[in-house]
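The values are calculated or read from the model by the stated rules, or taken from the named source; none is laboratory data. The model shown is predicted, which means the values in this text are computed figures rather than measured ones. Using ideal geometry, Cβ is built from the backbone for each residue, glycine included, and neighbour counts are taken over all protein chains shown. Heavy atoms of the whole protein, side chains included, go into the accessibility calculation; ligands, DNA and RNA do not. Shrake-Rupley method; radii C 1.70, N 1.55, O 1.52, S 1.80 Å.
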Amino acid sequence: MASTASIRQVQITFDCASPQRVARFWCEVLGYVVPPPPQGFDTWDAYEQSRLPEKRDSGFVCQDPNGVGPRMYFQRVPEGKVVKNRVHLCVRVGTGLVGAERLAALEAERDRLIPLGAECERVLLADEQNESCIVMRDIEGNEFCLD
């Protein structure tokens with residue numbers, strides 16, 4: 001019997017207050033890029049200025065420049081973040097590392113992201129079952145981990 005399963009691409013969508021700002025933050029975190037502006041516009045700012053005021057900064061995209069990772073879409077919503085995320089991103093900076101070497105890599109990445117507006121929530125040190133990770137928040141308070 002042939003499998004009917006197929007590989008599907010996914011997009012990760014964030015609800016946020018300022019899509020362009022949050023998308024550009026995640027570009028810095030992940031090494032993603034902003035796609036070219038729509039045809040007929042030299043810049044995204046020019047495109048945004050052409051839109052009705054209520055439509056400006058209503059959505060923005062960033063994507064893996066190699067086309068491997070998922071596309072990320074940021075959409076403006078009227079309500080603010082209220083509770084803990086049910087889903088979060090784990091940014092894999094310590095893969096293959098253990099102990100002090102892993103923690104040093106995680107801390108270096110944390111220190112790179114804080115000037116971009118990220119906040120460190122807590123450092124979870126290795127125990128008998130898990131390696132270290134660092135719980136962070138992006139510029140709008142969304143949780144993510146450095147893993």
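Tabulated results
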{"read-out": "The one condition in (1) touching a residue at least 24 places away in the same chain (Cβ under 8 Å); (2) within 18 Å of PHE14 (Cα to Cα) that LEU113 fails to fulfil", "value": "(2)"}
{"read-out": "Qualifying position, being open to solvent by less than 60 Å² (accessible area, probe 1.4 Å) and at pLDDT 90 or above, among ARG102, ARG112", "value": "ARG102"}
{"read-out": "Pairs where the first residue, in segment 23-35, is on the phi < 0 side of the Ramachandran plot and the second is of a type in the set (Phe, Trp, Tyr) and open to solvent by 10 Å² or more (accessible area, probe 1.4 Å), C-beta under 9 Å, 6+ apart", "value": "ALA23/PHE14; ALA23/TYR32; ALA23/TYR73; TRP26/PHE14; TRP26/TYR32; VAL34/TRP44"}
{"read-out": "Count of residues meeting criterion [part of a strand (DSSP E or B) and within 25 Å of ARG21 (Cβ to Cβ)] in segment 100-147", "value": "12"}
{"read-out": "Top-ranked residue in segment 45-94 [being without any contact (Cβ under 8 Å) to a residue 40 or more places away in the chain and under 30 Å from GLU128 (Cβ atoms); ranked as nearest to the chain's Cα centre (by Cα)]", "value": "VAL87"}
{"read-out": "Residues satisfying the stated conditions in segment 14-51, i.e. touching a Leu at 6+ places or on another chain (Cβ under 8 Å) and open to solvent by less than 70 Å² (accessible area, probe 1.4 Å)", "value": "PHE25, VAL29"}
{"read-out": "LYS84 vs. criteria in contact with a strand residue (DSSP E or B) (Cβ under 7 Å, 6 or more places away or on another chain) and open to solvent by 80 Å² or more (accessible area, probe 1.4 Å)", "value": "yes"}
{"read-out": "Tally, over segment 115-146, of residues that are open to solvent by 50 Å² or more (accessible area, probe 1.4 Å) and of a type in the set (Gly, Ala, Ser)", "value": "1"}
